[in-house]
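K.L.:
Quick one: structure below, then a few questions.
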Amino acid sequence: MGRSRTSIGIVAFVLMLGCASSGVNQSDFVAPWVSEGDKALPWTKAEFKNNPDNFQFVVVSDRNGGHRARIFEDAVSKINILQPEFVICVGDLIPGYTKSEARVSAQRKEFIGIAEKLEMPFFYVPGNHDITNPMMSEDWHKRFGRSYYHFLYKDVLFLCLNSEDPPADHISQQQVEYVAQALKENRNVRWTFVFIHKPLWDRKGNHNWDKVEALLGDRKHTVFSGHTHRYLMRERNGHDYLTLGVTGGGSALRGVEYGEFDHFLWVTMTEKEPKIANLMLEGVWDKNTLTEERTTMLPSLNRNELFHLEPLWSPGEAFTQDKTVLTISNPFDHRLSVRMNLAEHPSIVSETKELAVTIPPKEVKEIPIIFKASQPPDFFNTPKVLLSWTGAFHFEGKRELKGQGKLPLFLDTIYKIPVRKVPVTVDGILDEWNSLPFICDNPLEFALRAQEWKGAADSSFRFTVERDLYHLYVAVHIFDESLGLAPGKLPWEQDGVEIRIDARADPERSEGIGENQLVDFLLFAMSPTAPDQSPLIAFEDQIPEGMKYACAPTSDGFSAEVAVPISYLNEKQNGSWEQVRINIAVTDFDDELATGSQIWWRPDWRKARNYKGSGTFEK
């Protein structure tokens, strides 16, 4: 009777791997479809790392000596994800340095509560913060028994020593004798690990480390210490001595090159030797590193979608004082904290220089803020008022989700449209215009890639709005140090300008959100062309009859003009027109292969920062 295909597959696979390795159990792996004659298989021939004598453990470092809150707790949660067989420390677990029994008791209880959250055993080793004085030493012995001890695990010896066996920086002769006996009784172990808080080998004086080192001799061993808050690996007498950084203790955290970081060691004891990995806390995350919820939370915060700041409105051009309301919404299931600071402004001030607020889950908070004019603002070129903010969503037992940004406060009024007396030829050449009073060199909003905008010299614009008996005119001059034109592309895919004019009656006009272009409002999206060429304009077949438009290059950028018939305005408002709403955007591409920037005079009507009635002009 022939063998089954399954048994043939197992035999073939085991033969391919070579099953003579020490203690390795290859029979745990089954590939039923493998035939005896199969030579090509979709895996390598290395042995499975499943030797039952191998094991993993974690070494954590100083939590105190400049304790930073919640770092050690973060390490605990991440160690639980990794599931080592046990955890061992190198001391400095509590603040210590006190003679108050009540304070020491509270500190010990706090740490024990943290350690008990580990899902595997935790082995204590004392540091100078744990045993600072005789009272603390006595308390240690009452709670934990020994301050130095040893144990065996899978034929490996663990020696946990006390560098504060009084006095500080000292190993007592009694402890030395204990080490000698433990080593004598365990001569033939696979490896020996030593854990001690202070690296006494770096210290002068009669601390007895030299005796311990002599007892260790040539046996295979590795030594772990802490205390310095700076990671360092060195060889002494042919053996690895590792001084850990911190796991929540005080540190400048300048990084790997300085040995200053939060971490723990992951030690794998193999049949030959230990393999040691440094795991930075920042590099260990659970499966919820990025969830669907978190992908929504941070963009909502960073795009200012959770903030709404009512604009300051002046009934005329004599602004003195106004109250706005800052609304912060938290639609998520986690607490949100926000801090804001008011940036300096040349003409707008407030007694509220900074604020801090916490918004519980699913709640909204409204904060009134009063602003005053320190001097009459220039409505034609008023820099925006900025509130710089930092915010964080808080998660139980997990790292905060942080963001930062700037929230603009808009100052606006209703602008009078002057009457022209000199006719206009709409050709993109602005010789007929005496002034362009509106300036956009400090944009209120960006689109595309904001970081591509290098300042006013890179891209900015001035414009005016005027009227005569027959037309409403908008003239714009764009300053651009390098025109980026791409024939065949749309105006917002190269250097171009967009002029939007909403002539509907209120409230539709003021409450418009940029929908139904060329139906509800006019859109002139143009890129410059030579005077003898037809203008490059988007959706030209949809532009109502009677409109005039042009866009032409200049020595320092390009210019655009539009003329809208007064009859069109009257028709949209069912009578004699009174007001229109205008916005202008300029797109700048310095390199045809790069992503451009787009700057707006007022917030894009389609975006969250849009506010009711922005950019309103009246005759």
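K.L.:
Cβ contacts < 9 Å: first residue under 24 Å from D506 (Cα atoms) and of a type in the set (V, I, T), restricted to the range 393-416; second residue assigned to a loop (DSSP other than H, G, I, E, B) and open to solvent by less than 60 Å² (accessible area, probe 1.4 Å), any location; separation 6+ or different chain. Result?
P.N.:
From residues that are under 24 Å from D506 (Cα atoms) and of a type in the set (V, I, T), the pairs are T413/S314; T413/G316; T413/F319; T413/F379; I414/S314; I414/G316; I414/G613.
K.L.:
Sticking with this structure for a sec: In the range 151-169, which residues are more than 14 Å from P134 (Cβ to Cβ) and assigned to a strand (DSSP E or B)?
P.N.:
Those that are more than 14 Å from P134 (Cβ to Cβ) and assigned to a strand (DSSP E or B): F151, L152, Y153, V156, L157, F158, L159, C160.
K.L.:
Here's another thing I want to ask about it. Can you go through A486, A505, A475 and tell me which one is closer than 30 Å to P311 by Cα and open to solvent by 10 Å² or more (accessible area, probe 1.4 Å)?
P.N.:
A505
K.L.:
If I go through the range 126-149 residue by residue, how many of them are assigned to a helix (DSSP H, G or I) and touching a Cys at 6+ places or on another chain (Cβ under 7 Å)? If you could, list the steps in order and put the result at the bottom.
P.N.:
Our first condition is that a residue be assigned to a helix (DSSP H, G or I); within the range 126-149, this holds for 134-144.
Filter again for touching a Cys at 6+ places or on another chain (Cβ under 7 Å), leaving none.
Matching residues across the range 126-149 total 0.
K.L.:
Is one or more of the residues making up the range 124-144 of a type in the set (S, T, Y) and in contact with a Gly (Cβ under 8 Å, 6 or more places away or on another chain)?
P.N.:
Of the range 124-144, the ones of a type in the set (S, T, Y) are 124, 132, 137.
Okay, now just the ones that are also in contact with a Gly (Cβ under 8 Å, 6 or more places away or on another chain), so 132.
Yes, the range 124-144 has at least one match.
K.L.:
Restricting attention to the range 48-83, which residues are closer than 22 Å to E271 by Cβ and either surrounded by 16 or more Cβ atoms within 10 Å (Cβ to Cβ) or of a type in the set (S, T, N, Q) (or both)? Reasoning before the result, please.
P.N.:
So in the range 48-83, the residues closer than 22 Å to E271 by Cβ come out as 48-59, 82-83.
Answer for the range 48-83, where residues must be closer than 22 Å to E271 by Cβ and either surrounded by 16 or more Cβ atoms within 10 Å (Cβ to Cβ) or of a type in the set (S, T, N, Q) (or both): N50, N51, N54, F55, Q56, F57, V58, V59, Q83.
K.L.:
Being hydroxyl-bearing (S, T, Y) and either open to solvent by 60 Å² or more (accessible area, probe 1.4 Å) or under 15 Å from I499 (Cβ atoms) (or both) is the filter here; which residues of the range 528-581 pass it?
P.N.:
Initially, the range 528-581 is screened for residues hydroxyl-bearing (S, T, Y), giving 529, 534, 549, 554-555, 559, 567-568, 576.
Those that are hydroxyl-bearing (S, T, Y) and either open to solvent by 60 Å² or more (accessible area, probe 1.4 Å) or under 15 Å from I499 (Cβ atoms) (or both): S534, Y549, S555, S559, S567, Y568, S576.
K.L.:
Assess whether Q181 counts as being among the polar types (S, T, N, Q), outside any loop (DSSP other than H, G, I, E, B) and surrounded by fewer than 16 Cβ atoms within 10 Å (Cβ to Cβ). First the steps, then the outcome.
P.N.:
On the way: among the polar types (S, T, N, Q): yes; outside any loop (DSSP other than H, G, I, E, B): yes; surrounded by fewer than 16 Cβ atoms within 10 Å (Cβ to Cβ): yes.
Here the answer is yes, as Q181 does meet what is asked.
K.L.:
With the requirement that a residue be modelled with pLDDT under 90, part of a loop (DSSP other than H, G, I, E, B) and touching a strand residue (DSSP E or B) at 6+ places or on another chain (Cβ under 8 Å), what does the range 420-458 give you?
P.N.:
The answer is D441, P443, L444, R449, W453, A456, A457, D458.
K.L.:
Against the condition open to solvent by less than 30 Å² (accessible area, probe 1.4 Å) and either over 33 Å from the mean Cα position of the chain (by Cα) or of a type in the set (G, A, S) (or both), how does P603 come out, does it pass? So that I can check it myself, show each step before the final result.
P.N.:
Details: open to solvent by less than 30 Å² (accessible area, probe 1.4 Å): yes; either over 33 Å from the mean Cα position of the chain (by Cα) or of a type in the set (G, A, S) (or both): no.
For P603, the condition - open to solvent by less than 30 Å² (accessible area, probe 1.4 Å) and either over 33 Å from the mean Cα position of the chain (by Cα) or of a type in the set (G, A, S) (or both) - is not met.
K.L.:
Follow-up. On the given criteria, is N570 closer than 22 Å to P418 by Cα and under 39 Å from the mean Cα position of the chain (by Cα)?
P.N.:
no
K.L.:
Please give the strands (runs of 3 or more DSSP E) falling wholly within the range 185-246 in which 1 or more residues are open to solvent by 50 Å² or more (accessible area, probe 1.4 Å).
P.N.:
Working: elements: 191-195, 221-225, 232-236, 239-243.
Strands (runs of 3 or more DSSP E) meeting the threshold: 232-236, 239-243.
K.L.:
Now, a different point. Here is a list of conditions, (1) free of Cβ contacts under 8 Å to residues at least 24 places away in the same chain; (2) over 29 Å from M280 (Cβ atoms), and Q107 meets all of them except one; can you say which number that is?
P.N.:
All conditions pass for Q107, except number (2).
K.L.:
Do we find a residue being among the aromatic types (F, W, Y), at pLDDT 90 or above and either within 23 Å of the chain's Cα centre (by Cα) or surrounded by 14 or more Cβ atoms within 10 Å (Cβ to Cβ) (or both) anywhere in the range 392-400? Even if it seems obvious, please write down each step before you answer.
P.N.:
To start, the set of residues in the range 392-400 that are among the aromatic types (F, W, Y) comprises 393, 395.
Now restrict to residues that are at pLDDT 90 or above: 393.
Checking the rest, the ones that are also either within 23 Å of the chain's Cα centre (by Cα) or surrounded by 14 or more Cβ atoms within 10 Å (Cβ to Cβ) (or both) come to 393.
Looking for residues that are among the aromatic types (F, W, Y), at pLDDT 90 or above and either within 23 Å of the chain's Cα centre (by Cα) or surrounded by 14 or more Cβ atoms within 10 Å (Cβ to Cβ) (or both), one finds at least one in the range 392-400, hence yes.
K.L.:
Considering (1) farther than 25 Å from T327 by Cα; (2) touching a residue at least 40 places away in the same chain (Cβ under 8 Å); (3) surrounded by 13 or more Cβ atoms within 10 Å (Cβ to Cβ), say which one F446 fails and leave the rest.
P.N.:
For F446, the exception is condition (1).
K.L.:
Quick check, is N304 at pLDDT below 95 and under 19 Å from the mean Cα position of the chain (by Cα)? Please lay out each step first, then the result.
P.N.:
Working: at pLDDT below 95: yes; under 19 Å from the mean Cα position of the chain (by Cα): yes.
In short, yes.
K.L.:
Among the listed residues F379, F371, identify the single one that is among the aromatic types (F, W, Y), more than 29 Å from F395 (Cβ to Cβ) and modelled with pLDDT under 85.
P.N.:
Numbers: F371 fails: modelled with pLDDT under 85.
It is F379.
K.L.:
Sort out which residues of the range 269-312 are in a helix (DSSP H, G or I), in contact (Cβ under 8 Å) with a residue 40 or more places away in the chain and open to solvent by 40 Å² or more (accessible area, probe 1.4 Å), and write them in order of number. Quick ask: steps written out before the conclusion?
P.N.:
Start the filter on the range 269-312 by keeping residues that are in a helix (DSSP H, G or I), which leaves 281-283, 292-302.
Okay, now just the ones that are also in contact (Cβ under 8 Å) with a residue 40 or more places away in the chain, so 281, 293-294, 297-298, 301-302.
Within the range 269-312, E293, L298, N302 qualify.
K.L.:
For the range 356-391, give me each residue that is open to solvent by less than 30 Å² (accessible area, probe 1.4 Å) and outside any strand (DSSP E or B).
P.N.:
P377, F379
K.L.:
Only one of S61, S100 is farther than 21 Å from L232 by Cα, modelled with pLDDT of 95 or more and not hydrophobic (A, V, I, L, M, F, W, C); which? Before the answer, list the steps.
P.N.:
Numbers: S61 fails: farther than 21 Å from L232 by Cα.
Going through S61, S100 in turn, the sole match is S100.
K.L.:
Here's something else I'd like to know. Going by the conditions given, is K323 at pLDDT below 95, of a type in the set (D, E, K, R) and part of a strand (DSSP E or B)? Spell out the reasoning first.
P.N.:
Values: at pLDDT below 95: yes; of a type in the set (D, E, K, R): yes; part of a strand (DSSP E or B): yes.
Yes; evaluated as a whole, the condition is true for this residue.
The values are calculated or read from the model by the stated rules, or taken from the named source; none is laboratory data. Because the structure is predicted, anything quoted here is derived from the model rather than measured. Note: ideal-geometry Cβ built from the backbone for every residue, glycine included; neighbour counts use all protein chains shown. Please note that ligands, DNA and RNA were not included when accessible areas were found on the heavy atoms of the full protein model with its side chains. Shrake-Rupley method; radii C 1.70, N 1.55, O 1.52, S 1.80 Å.
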